[in-house]
Structures are given as structure tokens and as C-alpha cells.
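A short worksheet on the structure shown next.
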Amino acid sequence: HNEFKKYWVCDHRLIDICGNVLIKEPNVEIKKVYESAIIVKDEEVKKESSFKFPYDIKPKEPWSISKSQDISDHFFSRYFYKNNVIVNYKFSNFKSNQVFFYIYVGLGDAALPEGKEALSRIASHAINFGGLEKLSFLELKNYLVDKNVNVFFYVGANCFTFECETTTKDFELALQVCRAMLLSPGFRPEAEEVLNKTINQKYAKIELDLFTHFNNSLSGILARGSPVLFWPDRKIISEVNLDDAKKWL
């Protein structure tokens, strides 16, 4: 530990550069680029006007609770709203100000179109990386960078699920983002690039990692070949795309 501390305080930095381009004199070229980069002056940070999330903060019509009940056996309360939404609420002091919630809608895998069951493997990318109608994926990501809002959409066995982690302060914003993802998904083309990278990485791991290969093969046997529960032959995945997912969703 002392040796580590001694060498760490040295006034130097290690630069690790990887790639498949052949450079005749790498030390010379890298040093040249590095020295030209460190003399570039940063422009003064421009103060941008405050940005507002471009969707309704709250639904225009407030909905009231028709009835409620306490499920004492499981320590949670259930609220029935007049718009047919059911909210299950449970308090936990596991972590101060931390809020987890899940929104379940639709039928999920149970509603997959026949012959296109592989959509279950890729459909989530259309929502998670497709941005919104008014905001691209990167714009939304930049807006949430200093907020405590993490939203993930996935296709479940019998419903579509929005899973979210937030804080009491950003709870309303988190609901707002989920509502926008549900009602105004962007289905933008950048999601295709993320999907292709994910597929390539997934199949590379299945081919190279014995444990992953075994688990996927076992899941395929248990699922009787249904791509809903495992990654099938790559050809089957290539027969569906995000445009199919958009139409289905």
C-alpha cells in the first residue's frame, strides 16, 4: 500500500491508446497530438437559459381516489383511482429519500405477434434509446444529467413495465418522464445503432463465454425454442427490426 501511494503521487499520467491503425512512430505521433491538445484554451462556459421539460407537468384532468384498502399482511396500501389506475404503495426506510416504482401496462409477451416473437428481445431499445417526440435521446439524457431519475422500459411476460428509481424531490419529474415515454415515444433512428451494438456484444459473449453459452442453451431447451426466453439463432433476430417493434408497441 505504501509503495502504491509513493508511485501514485508522481507528477505524470499514463495514456492508454488502443486501436487497429498501424502508426510508424507511435510515440512521436501521440506526443504531437497530446502537446497540441493541452494548449487549446477552453472557451468560457456560456450560461444557458433554464430548460423546462416540454410535456405537461400534470394531466389536465385530476383523478380522484374511488376507494382504498390496507393490505396489512404485506404492509402496503392500495388505492383505486376513477381512471382505472391502481396504485400499490409501500413505505420503506432502506435508504433516505429513495423512491422505487414500477408502472405495468398492456400484455407484454402475451401480445407478441405470431411469427415475430423475437421482438421481445429488441423492443425495449425502441423506447429506452429512441428518445421522445420533442427530445432526442441525448437531449433527454443531458436534461436528466443532474436529476435523480433513472427510467428503464422492458417487455415482461404478461405486461410492459417502466421501472424507475428516483428521490422524493424528483418523484414528480420521474412520473412525468415515464408518462412522456408512454404517450410520446420518439422511435428515433439512433436506437437502431444501440440495438446493433447490443446484439453484436450479446452474440460475441455467447460464442466466447462458456457459462453464458450454457445458460442461453439451457434457457432455449426450457423455452422449447421460443425466443421470448433466450437468444435464438442470429438469423431469427435479424428477421425483426425496430420498425416492427414500433408497429407492435
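The values are calculated or read from the model by the stated rules, or taken from the named source; none is laboratory data. Note that the coordinates shown come from a computational prediction; the quantities given were computed from them, not determined experimentally. Cβ sites come from the backbone with ideal geometry, for glycine too, and all protein chains shown count toward neighbours. These accessible areas exclude ligands, DNA and RNA; they are computed on the full protein's heavy atoms, side chains included. Shrake-Rupley method; radii C 1.70, N 1.55, O 1.52, S 1.80 Å.
Regarding the chain, what whole-number volume in Å³ per residue does the convex hull of its Cα atoms give? Show your work: numbers first, answer last.
Values: hull volume 67.2 nm³, N = 249.
Hull volume normalised by residue count: 270 Å³.
Please compute the per residue accessible area over the chain with all protein chains in place, 1.4 Å probe, rounded to a whole number of Å².
Result: 78 Å² per residue.
Using a ≥ b ≥ c from the Cα gyration tensor of the range 129-169 (square roots of the eigenvalues), is it rounded, prolate or oblate, where a/c under 1.5 gives rounded and otherwise the larger of a/b and b/c decides, a/b for prolate? Please list the in-between numbers first.
Details: a/c = 3.21, a/b = 1.30, b/c = 2.47.
Oblate shape, in that a/c is at least 1.5 and b/c is the bigger or equal ratio.
Step through the table entries 90/246; 52/169; 134/246; 32/197; 197/246, compare each Cα-Cα distance with 22 Å, and write down the pairs that go over it.
Values: 90/246 34 Å; 52/169 16 Å; 134/246 17 Å; 32/197 32 Å; 197/246 19 Å.
Violating the 22 Å Cα-Cα cut-off are 90/246; 32/197.
Taking only DSSP H segments of four or more residues, each worth -39500 (n - 2.57), what value at 222 nm results for the chain once the sum is divided by all its residues, to the nearest 500 deg cm²/dmol?
-11000 deg cm²/dmol
Which of these, 99, 151, 21, has the largest mean-square fluctuation under a Gaussian network model of the chain (Cα springs below 10 Å)?
21
Specify whether the C-alpha gyration tensor of the range 61-153 places it in the rounded, prolate or oblate class, a ≥ b ≥ c being the square roots of the eigenvalues: rounded for a/c under 1.5, otherwise prolate if a/b is larger than b/c and oblate if not. Before the final figure, lay out the partial values.
Values: a/c = 1.92, a/b = 1.32, b/c = 1.46.
Since a/c reaches 1.5 but b/c is at least a/b, the shape of the range 61-153 is classed as oblate.
So, with a 1.4 angstrom probe, what is the percent of accessible area on the chain that is carbon and sulfur?
Carbon with sulfur: 55 percent of the solvent-accessible area.
With +1 on each Lys and Arg Cβ and -1 on each Asp and Glu Cβ, and nothing else charged, work out how big the dipole of the chain is about its Cα centre, in Debye to the nearest 20.
Using Cβ point charges on Lys, Arg, Asp and Glu, the chain gives about 440 debye.
For the chain, list the DSSP H helices whose alpha carbon atoms reach 27 Å or more along the long axis and whose average Kyte-Doolittle value is -1.0 or above?
For the chain, where a helix must reach 27 Å along its axis and average at least -1.0, the hits are 190-208.
With no solvent and one equal point scatterer placed on each C-alpha of the range 174-249, evaluate the Debye formula and give log10 I(q)/I(0) for q = 0.16 Å⁻¹, two decimals.
Here the Debye-derived log intensity ratios amount to -0.76.
How high is the relative contact order of the range 192-249? Use alpha-carbon pairs under 8 Å, at least six apart in sequence, and give a whole percent.
Relative contact order of the range 192-249: 20 percent.
How long is the range 103-249 along each principal axis, judged by its Cα atoms, biggest number first, in Å?
So the extents along the principal axes, rounded to whole Å, are 45, 31, 28.
Taking only Cα atoms and a 10 Å spring cutoff, compute GNM fluctuations for the chain and point out the largest among 234, 121, 188.
Of the options given, 234 has the highest mean-square fluctuation.
Would you mind calculating the gained length between residue 87 and residue 114 on full extension (0.36 nm times residue separation, minus the Cα-Cα distance), in nm to one decimal?
Taking residue 87 through residue 114 to full extension adds about 6.5 nm, to one decimal.
Pick from 129, 100, 162: which residue has the top mean-square fluctuation in a GNM of the chain where Cα pairs under 10 Å get a spring?
Ranking 129, 100, 162 by mean-square fluctuation puts 100 first.
If I take all pairs of Cα atoms in the range 53-97, what percentage of them are more than 18 Å from each other?
Summing the P(r) tail past 18 Å for the range 53-97 gives 50 percent.
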